[in-house]
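Below is one structure, written out as structure tokens, with a few remarks after it.
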2 protein chains.
Amino acid sequence: MAREYSIGFAPSWVASLRPSEPQGSDLLIAERQKSQIDIDRLACLLYTEQGVEMQRRILDVLQHDPVFDKGGNYFDSRIERFKTSVARAKRLHQLHQMHNWSEDELKWAIELIGEPTAFSLHWKGFLPTLREQGTPEQHELFLRKAESMEIIGCYAQTELGHGSNARKLETTATWNPDDRTFTLHSPHLTAAKWWVGTMGLCANHAMVMARLILNGEDYGPHPFLCQIRDLITHTPLDGVYVGDIGPKLGYNTVDNGFLFLNHVKIPHINMLAKFSRVEYESNVYVAPESPAMVYGTLTMLRAALVSESARNLARGTTIAVRYCAVRRQCSDPDSEDKNTELQVLDYSMVQFRLFPLVAESFALNFTGQAMIEFYHSARTALAVGQSNNGCGSSGQRANALFSELHATSCGLKALATSAAAEGLEVCRRACGGHGYSSFAGIGAVYMDYLPSQTYEGDNYVLTQQTANYLLKIALSILKGDAPSNITAKNLAAYTEKKHTPVHFDLDRDKDILAAFGWRAAYLTFDLLRRRDNDQKPKNDLLVDYSRLSSAHSQFLVLTSFHDKLKGPDTLSKIDPESLAVLWKLFRLYALTRVISASHEFYVSSALQVAEVVRADQETMLRLLKEIRPHAVRLVDVWKLPDWMLDSSLGRYDGKVYEDLFHRASQLNPLNRFAMDPRPGGGVLIRGGGADAKSRL
Amino acid sequence: MAREYSIGFAPSWVASLRPSEPQGSDLLIAERQKSQIDIDRLACLLYTEQGVEMQRRILDVLQHDPVFDKGGNYFDSRIERFKTSVARAKRLHQLHQMHNWSEDELKWAIELIGEPTAFSLHWKGFLPTLREQGTPEQHELFLRKAESMEIIGCYAQTELGHGSNARKLETTATWNPDDRTFTLHSPHLTAAKWWVGTMGLCANHAMVMARLILNGEDYGPHPFLCQIRDLITHTPLDGVYVGDIGPKLGYNTVDNGFLFLNHVKIPHINMLAKFSRVEYESNVYVAPESPAMVYGTLTMLRAALVSESARNLARGTTIAVRYCAVRRQCSDPDSEDKNTELQVLDYSMVQFRLFPLVAESFALNFTGQAMIEFYHSARTALAVGQSNNGCGSSGQRANALFSELHATSCGLKALATSAAAEGLEVCRRACGGHGYSSFAGIGAVYMDYLPSQTYEGDNYVLTQQTANYLLKIALSILKGDAPSNITAKNLAAYTEKKHTPVHFDLDRDKDILAAFGWRAAYLTFDLLRRRDNDQKPKNDLLVDYSRLSSAHSQFLVLTSFHDKLKGPDTLSKIDPESLAVLWKLFRLYALTRVISASHEFYVSSALQVAEVVRADQETMLRLLKEIRPHAVRLVDVWKLPDWMLDSSLGRYDGKVYEDLFHRASQLNPLNRFAMDPRPGGGVLIRGGGADAKSRL
């Protein structure tokens, strides 16, 4: 009765089957014909022309290199995946050298590979710290070796017991005046460095953040370079206990590690000394001249996270929109015809879930661009300020700019990374049951992306910084000495008009922007009143701090989006039809936020309930319908290649079911096994590998 | 310079370290002393006394059985985990037989094991279908063998191309009058059965849902029992192509499978024939007498999912609340003392994230209890109705009850499973960075729980059923022939009062409930008006269908919560202090929903903006503070044992850091490897197993 065949290879009667009509590939061709928006030009708006070209060029290198073959990604065990990850990281270093890639090019390569890279913390944490905070002498001694990866480093700040509160780190670096060394030490179990990427198995050096103790006095955390493994044998050094912290929900291609140090001595030169230092001869501590500069790097990292969030979200929208155009389920509830099934993308509920995310991906991308421009202009201003010794109006201006940049980057980083994480999960669920398969290509991205909610500052903690800054500016406006920047201007405009009736028209783009500015300003002054006049404990206001940060950050996102669409570059390069679609995305993004936070618009008298009802029941629906024909092209704009997406559902050609079947039946290693599931059965598993065939 | 030691075992200077003060264990002892709420009695309220005893007894069996040892769970590869899962499923079957466990006891065992069980779809899908839809003759032939697991079955409905729309399933069962057989066939690639749990490698039979074709006519989907593998060799039968569909985000302890059938013939007896059948002699199709009864089982499954959702959420809150009581970070923002760090649970932001979930876990538990009671009373009414041949008032009443039960179970299943999934992720993130470690014990639960958003009905699709039902009842009220049930009563109350001014006081529990009823009723009639008077296309209203279902379901949850606290059982058994805390949870849950959906309360004129502001800024904060001292005990009430939670962060004794360290350094297999990370290095990995030691 039983016929023999290898389960790994489908019998011919299966291999000859096709999906039922209509074919996914035909559906996507039809989708792309519905719209005329200019994918190439819009892609340049997202990435610049050089960016598009760079992405194409690097993809070409990577996808032909067998080390980066993604075939095992969804199947391999953690240990296998980590081995592969290290091999890829090594190869990436070689390619980096060979092609003389820039920082930007390396970043693109890492994004295209699509998984956290084993050496990423060497590149993103260790090297920048060494560069920015090391003296020329330290660069000479360490930086060259680190660039050639003779020194492989990690950035060891977080401890088992402490993350957000750097001042309470338990690791100490005690200055020994006798022999001019520092002693690094972990006094408790909770003092162990923990979560440090690239530390678990790879790094031979660590940039240890430790509290400097000098003459019994505590000067707070400073960076110390500490060798942890032998450069040749890779064996941990004396007094060093180091290892991997174990499996995580994602990021398992990186060896997040722990580190205990037992009275480890390092020479004076190993304390990074550009900003603060211990004088070699006098044992005196020298504090940094410009604290703004110290946190400049972190600010830059946060700004970059905003752009990254946009592209991460776009991975999700690309996959979900394409698949929802291929997938058909149930018939139009208003139609008599119960046989013809609608593309899932035609349901208003699906549009309502997905299109605001498409809009958000563009919004965050433009915000990221604006942040990076802001960062560079602040750096320039700082340089001018420093050439004046930090004194005078230009020095003050630079400090004010950096405060604004810092506060902005905190709130936007929190908003953008949260939005991208939530959005990815919405995209995954919009794919229905198949979204749960690894082959959907969203789950792993989401899991790898989750730490963004915590790294470079916990999102909840960051929002407090933004809110604190807003309160400070609000106070300075009341005192009449506010700086000149977008935050202060918005708050000032509110104080001028707050006693006259306001009216914002949600059909006008400028009014939309103004309504968001108004709401953020109202919440700022309301919070200030409660804190200062009502003397509420700050701990009682933390929820409102967080809401204020979101409201202000949304205002900033919309401002960036608005300004980008009004910008000369856009007007000269983008055709009117494409531009009109982008404006619809702007409105959709704004209205989605109005609806979900309508209470704040009512409280601030920016909008009436009837206006939100109309926006919700009419305008939104119209926008969704107008965007619908452009949906597939709008995700094509991101030009995320199939090789990067590694998704059955998000295939550019729409061959979704063929791909799912191929991966399940031909690649899936579990099908090399055969079970004896009967409770009485003695042998649990027969088969695996060649064995599975031989038994048949 | 390099000292040799095995990385898998910490050197003595590390092993002697303790966490810095205060110790987690002391903090949790102090927490438990702060509150006097009666954990044992509250546990009985959640589970009944028998339930608590059952849980304890079964835990005792499982945790001493080496097959269920959880040591490898966070480390093993998919293939290893699946092997273990099958071994556990077999053992579970043996224990089931040996201890003569009831269905409830088996469910508890599965919950305590804490992972989806390899045979779960045999138990939860295949057996109930056979029982409920098989005739006595079919029971004789198949059910006994299935109960003893000679027949191992799965429930094969979902196809590669179709999930929610069962009418469009592509698999056909064609009746052959010549030889009195059915031919099962997969005509397209998209006709493949897909996602079928226990099918991939385990099952030897499938309950195939296929469209019955009789005399060229299509009678829609019906259940057919089809043998797919040989009972002895376990080899797939002729015309059967079956396998595992590949890795998923979770649920990897189950072999979700695919199945292609190539003109497979099965005898007449293999069509389950209790409700509908093909007459053996006459070739005539006989339709089911009582459709309500057919979907009775599904309704019961959904009701059970509500209770399950509560316990799943409670896993998250137990871990997060305990860990946030142990974790300390930063000092009170209002205090001068910057050295003493607050327990994270003292921050209002953390309370705002976690305590509403604690409240929700209780709310959902009581709702689940109410649903199951409702189900049993509907069954009783149906039995009475059937004895009257489904005619007369008792038959109508039973049908009306089943309609209400069906609609209620759809909306509540969607609300409860979504709430639990979102809530688990909120709990995980509230654990900060460590929440991302597998050892936190939340991530895997969340990933395994995600399919609940889709199975037993996609949550978005289900909400349409609930809203459709509400519209139907609203119409019947306008016509004056409404049934007598909670939904109809609420809608009728609204129509009576809607022209008089209403006022609800959020400080009064009855008013809270009434405000939720009012809002749901307003949304119902508003939607009815837009659909029928304004003739809006249904597709344009889907978002509002979904919102309506949520609003109505929240009203039902609050009603169950309210009724439980007012119930005689509660009043007689629960002491006043504990009861007072439960009422605070009731209010907190309600206010959280008011704040997040305030727009709907404004539109329906149930509340004014100023009232919500007060609820948000004053009442909420007061409730959070009042609940704070009871937080740890409130999660203790669930009595989820450490063995089940398998969480470093959620340990009952608070030894969080010791546990994280132990698992990372002593259990983590990655630390058996040593890397050569240098780009020039030839060997990628040295070590692994004994090898890792020998190199030292």
Looking at the range A:55-89 only, could you name the residues that are within 22 Å of the chain's Cα centre (by Cα), over 26 Å from A:Ser437 (Cα atoms) and either open to solvent by 30 Å² or more (accessible area, probe 1.4 Å) or basic (Lys, Arg) (or both)?
A:Arg56
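So is B:Thr524 within 19 Å of B:Leu364 (Cα to Cα) and among the polar types (S, T, N, Q) or not?
Details: within 19 Å of B:Leu364 (Cα to Cα): no; among the polar types (S, T, N, Q): yes.
Judged against the criteria, B:Thr524 is not a match.
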Residue within the range A:612-629 that is away from chain B (no Cβ under 12 Å), buried (at least 20 other Cβ atoms within 10 Å of the Cβ) and in contact with a helix residue (DSSP H, G or I) (Cβ under 9 Å, 6 or more places away or on another chain) present:
yes
Go through the range A:643-696 residue by residue and tally those that are at pLDDT below 80 and among the charged types (D, E, K, R).
4
Across the range B:90-105, what is the number of residues that are aliphatic (A, V, I, L, M) and open to solvent by 10 Å² or more (accessible area, probe 1.4 Å)?
1
For residues that are more than 10 Å from every other protein chain (Cβ to nearest Cβ) and open to solvent by less than 30 Å² (accessible area, probe 1.4 Å), scanning just the range B:524-548, find the one that is nearest to A:Met349 (Cα to Cα).
B:Leu548
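Residue-by-condition table, conditions (1) in contact with a Gly (Cβ under 9 Å, 6 or more places away or on another chain); (2) part of a helix (DSSP H, G or I); (3) at pLDDT 95 or above:
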{"site": "B:Leu305", "(1), (2), (3)": "yes, yes, no"}
{"site": "B:Asn312", "(1), (2), (3)": "yes, yes, yes"}
{"site": "B:Ile319", "(1), (2), (3)": "yes, yes, yes"}
{"site": "B:Pro333", "(1), (2), (3)": "no, no, no"}
{"site": "B:Arg353", "(1), (2), (3)": "no, yes, yes"}
{"site": "B:Phe374", "(1), (2), (3)": "no, yes, no"}
{"site": "B:Ala378", "(1), (2), (3)": "yes, yes, no"}
Enumeration of residues in the range A:178-213 that are surrounded by fewer than 21 Cβ atoms within 10 Å (Cβ to Cβ), within 20 Å of A:Gly163 (Cβ to Cβ) and away from every other protein chain (no Cβ under 11 Å)
A:Arg211
Identity of the residue in the range A:2-13, open to solvent by less than 80 Å² (accessible area, probe 1.4 Å) and within 10 Å of another protein chain (Cβ to nearest Cβ), that ends up modelled with the highest pLDDT
A:Trp13
Checking the structure you have, find out if any residue of the range B:549-562 is surrounded by 16 or more Cβ atoms within 10 Å (Cβ to Cβ) and either more than 30 Å from the chain's Cα centre (by Cα) or within 14 Å of chain A (Cβ to nearest Cβ) (or both).
yes
Determine which member of the set A:Val86, A:Val67, A:Val61, A:Val52 is more than 30 Å from B:His185 (Cβ to Cβ), within 14 Å of chain B (Cβ to nearest Cβ), of a type in the set (Val, Ile, Thr) and in contact with a helix residue (DSSP H, G or I) (Cβ under 8 Å, 6 or more places away or on another chain).
A:Val67
Let me spell it out: the conditions are (1) free of Cβ contacts under 8 Å to residues at least 60 places away in the same chain; (2) out of contact with any Asp or Glu (no Cβ under 8 Å at 6 or more places or on another chain); (3) within 14 Å of chain B (Cβ to nearest Cβ), and A:Asp332 meets all of them except one. Which number is the exception?
(2)
Please tell me if A:Gln36 is touching a residue at least 12 places away in the same chain (Cβ under 8 Å), more than 22 Å from the chain's Cα centre (by Cα) and open to solvent by 10 Å² or more (accessible area, probe 1.4 Å).
yes
Just to be sure before I move on: is B:Ser437 over 30 Å from B:Arg614 (Cα atoms), open to solvent by less than 60 Å² (accessible area, probe 1.4 Å), assigned by TED's automatic domain parsing to the domain that holds B:Phe555 and touching a Lys or Arg at 6+ places or on another chain (Cβ under 8 Å) in the structure I sent?
yes
Enumeration of residues in the range A:659-680 that are of a type in the set (Asp, Glu) and within 7 Å of another protein chain (Cβ to nearest Cβ):
A:Asp676
Answer yes if at least one residue in the range A:280-295 is assigned to a loop (DSSP other than H, G, I, E, B), of a type in the set (Asp, Glu) and open to solvent by 50 Å² or more (accessible area, probe 1.4 Å), and no otherwise.
yes
Please tell me if A:Ala407 is within 12 Å of the chain's Cα centre (by Cα) and either farther than 30 Å from A:Ser665 by Cβ or not assigned by TED's automatic domain parsing to the domain that holds A:Tyr155 (or both).
no
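Residues are listed down the side, and each one gets a yes or a no for (1) open to solvent by less than 10 Å² (accessible area, probe 1.4 Å); (2) farther than 14 Å from A:Gly423 by Cβ:
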| site | (1), (2) |
| --- | --- |
| A:Thr299 | yes, yes |
| A:Ala303 | yes, yes |
| A:Ala314 | yes, no |
| A:Ile319 | yes, no |
| A:Arg322 | yes, yes |
| A:Arg328 | no, yes |
| A:Asp332 | no, yes |
| A:Tyr347 | no, yes |
| A:Ser361 | yes, no |
Unique match (being within 14 Å of chain B (Cβ to nearest Cβ), more than 24 Å from B:Gln343 (Cα to Cα) and either among the basic types (Lys, Arg) or open to solvent by 10 Å² or more (accessible area, probe 1.4 Å) (or both)) among A:Glu170, A:Glu147:
A:Glu147
Residue selected from the range B:106-123 under the condition open to solvent by 20 Å² or more (accessible area, probe 1.4 Å) and in contact with a helix residue (DSSP H, G or I) (Cβ under 6 Å, 6 or more places away or on another chain), by the criterion nearest to the other protein chains (Cβ to nearest Cβ)
B:Gly114
All-but-one check, A:Arg167 against (1) in contact with a Gly (Cβ under 9 Å, 6 or more places away or on another chain); (2) more than 30 Å from A:Arg277 (Cα to Cα); (3) charged (D, E, K, R), failing number (2)
With (1) buried (at least 17 other Cβ atoms within 10 Å of the Cβ); (2) within 14 Å of another protein chain (Cβ to nearest Cβ); (3) over 30 Å from B:Glu80 (Cα atoms) as the list, and A:Ser16 as the residue in question, which single condition is left unmet?
(1)
Yes/no for A:Arg167 being of a type outside the set (Ser, Thr, Tyr), within 25 Å of A:Asn283 (Cα to Cα), in the same structural domain as A:Asn204 (by TED's automatic domain parsing) and touching a helix residue (DSSP H, G or I) at 6+ places or on another chain (Cβ under 6 Å)
no
Whether any residue in the range B:446-458 is open to solvent by less than 20 Å² (accessible area, probe 1.4 Å) and at positive phi is what I want to check.
no
Scanning the range A:573-595 residue by residue, those over 21 Å from A:Ala631 (Cβ atoms) and either surrounded by fewer than 21 Cβ atoms within 10 Å (Cβ to Cβ) or not assigned by TED's automatic domain parsing to the domain that holds A:Val358 (or both) turn out to be A:Lys573
Restricting the first residue to the range A:370-385 and requiring it to be at negative phi, which pairs with a second residue that is open to solvent by 60 Å² or more (accessible area, probe 1.4 Å) meet a Cβ separation below 8 Å and a spacing of at least six or different chains?
A:Ala370/A:Asp563; A:Ala381/A:Arg397; A:Gly385/A:Gln396; A:Gly385/A:Arg397; A:Gly385/A:Asn399
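The values are calculated or read from the model by the stated rules, or taken from the named source; none is laboratory data. Note that this is a predicted model, so its numbers are computed, not measured. Neighbour counts are summed over all protein chains in view; Cβ atoms, including those assigned to glycine, are modelled from backbone coordinates with ideal geometry. In case anyone asks, the SASA skips ligands and DNA or RNA and just uses the protein heavy atoms, side chains included. Shrake-Rupley method; radii C 1.70, N 1.55, O 1.52, S 1.80 Å.
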